[in-house]
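Q: The structure's right below; bear with me while I get my questions together.
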Amino acid sequence: MNKIIPTAFLSLILLLQGGCGIDTPKAGSDAGDGRITLSVVGTNDVHGNIVERNGAGGLALFGGYIANLRSVRAAGGGAVLLIDAGDMWQGTLESNMAEGAPVVAAYNALEYGAATIGNHEFDFGPAGPAVIATQEGDDPRGALKARAAEAKYPFLAANLIDATTDAPVAWPNVRPSSRIEVAGITAGIIGVTSRDTPASTLAAHVKGLRVAALAETIREQAEALRAAGAQLVIVTAHAGGRCDRFDDPADLSSCEADSEIFGVARALPHGLVDLIVAGHVHKGLAHEVNGIAIISSWSGGEFFGRVDFRIDNGHIAARSIFPPQRICRYVVAGSGQCRGSAGTDGAVAAMYEGSVVRPDNAIARVIAPAIAEAGKLKAEKLGPHLETAIRRRPVPESPIGNLLTDILLASEPRADVAIHNTLGGIRADLPAGDLTFGSVYEMFPFDNRIMHLEISGAELKSVLANQVEGGIRRGHVSGVRVIADCDNEELSLRVFDTDGREVRDEERLLVVTNDFLVTGGDSVLTPIMPEEGFDVVYEGAMVRDVIVEWMRQNAATLNEEQFNSEANPRWDLPRPAPLACDLSAQ
């Protein structure tokens, strides 16, 4: 399946955008004592989740929370500033069908102030149905540039460097930073993206670009903004970290100390930056590092972050960091769980800033065409009935990863091994019940293609050893069993085929995988990648099409146990790992 982009739908989206309008957030009159509040709301990794699900998330419901907050701020002469930290649109059929246009239309209506470019903003490649730029005149970043041109807020990318100019990219409505007047002060906003962005999307889409160091870039931009009069400096960063507790912003004991965004914050001069809206790693943050507030709200559009700045006669007098706020229509008192209707488990209407939260009808109208168009495809039944959900369980193996690699292996009768990225490559569980196209799409929303590689047994072992020794096992396999142990403090790894025969170093093997991995994605195949890269020809079938066809042609019923290999695991690793041997991915 190529991209599904109905022209009429795109036209309707653009028409709706034009009817909603956006104004730069403005300060109202002061409250009489010169003290007002600016609320900065951060979102990240929404991934096209514009639809409310089971009473949670969705951009119309999010709009209700923002409307309540804006009402309170306006009453005191303050303002609300919305910032997004990237990965806005790739991930759902509603968004992907129009290459993210519904998200941009909704963000316009929500009056966002700025957004940064994440790795998945590159995923759609050229504007239109082509997945890869293969024809003369194709722009490998055409879809991204089209969305930026439609946005009524700037896309920020200070450390995304054009190799031909050795300067930040200068596409229409894309720039390193932005200044706005809000709540009586001048705010400067800087956008940066993670250093691993080039390895987190198709290499063909980021050719000719490089990513500069985050901290150095932020420092240069922030110093320039301060010199130009910025009283508040905000960074929107598609880079992140993780904390597990949110009761005290100063308590970092539950946090991963070596997180990318923490390292960036610590490298900045104290007092230069006031706030970082982070993302990329799909974790929660509401903390302070080196005097900088850092917020992040997991992924999928079910939460948002918030920091309030108290402005006293044009100066920042105080700051409050809020825990991530869940977006619920109805909420169970005490637990904070979302429900789709009142009364379920005692759920009552969600309140925010003293008022009942009601979905924003203007936002609902903007996204309605996308929801309707996608609904026609999502409801198609593919044939199998899932007796249980098939889940993305943790390492060492994932049932859904085993299913996917089995399907890939079956797609090529000559293949010996299938390798596919599960962490990051599989986005949702397959739910129990009749399997639909929508469920498969949500599981695998990417337009990746099947690729074949011929490698040696020794090269296969190198790839697999890298997965064993790495902190996270991103690659799943089919067709082989991996047995790893320690031998005199060295990793001992043996590989057997499905007949129990040990794979020899010198034999040649045909591997079926995808174009993302073949071009260096997730570093799964990099241990054996030639310096000049593999020779890639984008002519294979779409991975998603192969999955859909297998489902249509195969089993009438499926369940998770069919792909659960606990009795005969594909990854046979000692648990717990011996301390003298690095098997950290156990």
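Since every read-out is calculated from the coordinates, none of them should be taken as a lab result. Every value quoted in this text rests on a predicted model; they were computed, and no experiment measured them. Neighbour counts are summed over all protein chains in view; Cβ atoms, including those assigned to glycine, are modelled from backbone coordinates with ideal geometry.
Q: Could you give the length gained by full extension between residue 362 and residue 244, i.e. 0.36 nm per residue of separation minus their alpha carbon distance, to one decimal place?
A: Gain on stretching residue 362 to residue 244: 39.0 nm.
Q: Treating the angle as unsigned and between 0 and 90°, give the value, to the nearest 10°, between the Cα long axis of helix 399-410 and the longest Cα principal axis of the chain.
A: Helix 399-410 and the main axis of the chain meet at about 50 degrees.
Q: I need 246, 303, 309 ordered by Cβ neighbour count within 10 Å, fewest first.
A: Neighbour counts put them in this order, fewest first: 246, 303, 309.
Q: Calculate the FRET efficiency for residue 266 and residue 136 from the Cβ-Cβ distance with a Förster distance of 45 Å, rounded to the nearest 0.05.
A: After rounding to 0.05, the efficiency reads 0.45.
Q: Compute from the Cα atoms of the chain the Rg and the Dmax, the latter being the longest Cα-Cα distance, and quote both in angstrom.
A: Using the Cα atoms of the chain, the pair Rg, Dmax is 24.4, 82 Å.
Q: Can you check what the Kirkwood hydrodynamic radius comes to for the stretch 249-364, Cα pairs only, in Å to one decimal? Walk me through the intermediate numbers first.
A: Values: mean 1/r = 0.0614 Å⁻¹.
It is 16.3 Å.
Q: Give me the extension gain from residue 317 to residue 462: residue separation times 0.36 nm, minus the current Cα-Cα distance, reported in nm with one decimal.
A: Extending this stretch completely gives an extra 46.6 nm.
Q: Here is a further query. Working from Cα positions, state the angle (0 to 90°, nearest 10) between the long axis of helix 7-20 and the longest principal axis of the chain.
A: Taking the Cα atoms of the chain, the angle to 7-20 is about 20 degrees.
Q: Please list, in chain and number order, the residues 5+ apart from residue 238 or on another chain whose amide H is under 5 Å from its amide H, with Hs placed from the backbone.
A: Placed amide hydrogens put 192, 193, 194 under 5 Å from residue 238.
Q: What list do you get for 385, 287 if you sort them by fewest beta carbons within 10 Å?
A: 385, 287
Q: Here's another thing I want to ask about it. Over 28 Å apart: what share of the alpha carbon pairs of the stretch 381-572 falls there, rounded to a whole percent?
A: Percent of Cα pairs beyond 28 Å in the stretch 381-572: 22.
Q: For residue 268, what charge total do you get from the other residues with a beta carbon under 15 Å from its beta carbon, if Lys and Arg give +1 and Asp and Glu give -1?
A: -3
Q: Can you give me the Rg/Rh ratio for the stretch 498-571, using Cα atoms for both radii and the Kirkwood formula for Rh?
A: Here Rg/Rh amounts to 1.03.
Q: Rounding to the nearest 20 debye, state how big the charge dipole of the chain is about its Cα centre with +1 on each Lys and Arg Cβ and -1 on each Asp and Glu Cβ.
A: Values: 50 positive and 75 negative charges, 414 e Å.
It comes to approximately 1980 debye.
Q: Compute the acute angle (0 to 90°) between the alpha-carbon long axis of helix 59-75 and the principal axis of greatest extent of the alpha-carbon atoms of the chain; round to the nearest 10°.
A: Roughly 20 degrees, rounded to the nearest 10.
Q: Pull up the cross-link candidates among the aspartates and glutamates for residue 152, meaning alpha carbon to alpha carbon under 14 Å and not fewer than 8 places away within one chain.
A: 23, 84, 111
Q: Also, I was wondering about something else. With label points built 7 Å along Cα→Cβ from the Cα atoms of residue 557 and residue 258, find their separation and express it in nm.
A: Calculated label separation equals 4.8 nm.
Q: Filter the trypsin sites (Lys or Arg not before Pro) in the stretch 411-485 down to the DSSP loop ones having no more than 15 other Cβ atoms within 10 Å, then list what survives.
A: 414
Q: Same structure, new question: Of all DSSP beta bridges located in the stretch 7-372, what percent are antiparallel, nearest 5?
A: If I count the DSSP bridges inside the stretch 7-372, around 65 percent turn out antiparallel.
Q: When only C-alpha pairs under 8 Å and at least 6 residues apart count, what is the relative contact order of the chain, in percent?
A: Result for the chain is 15 percent.
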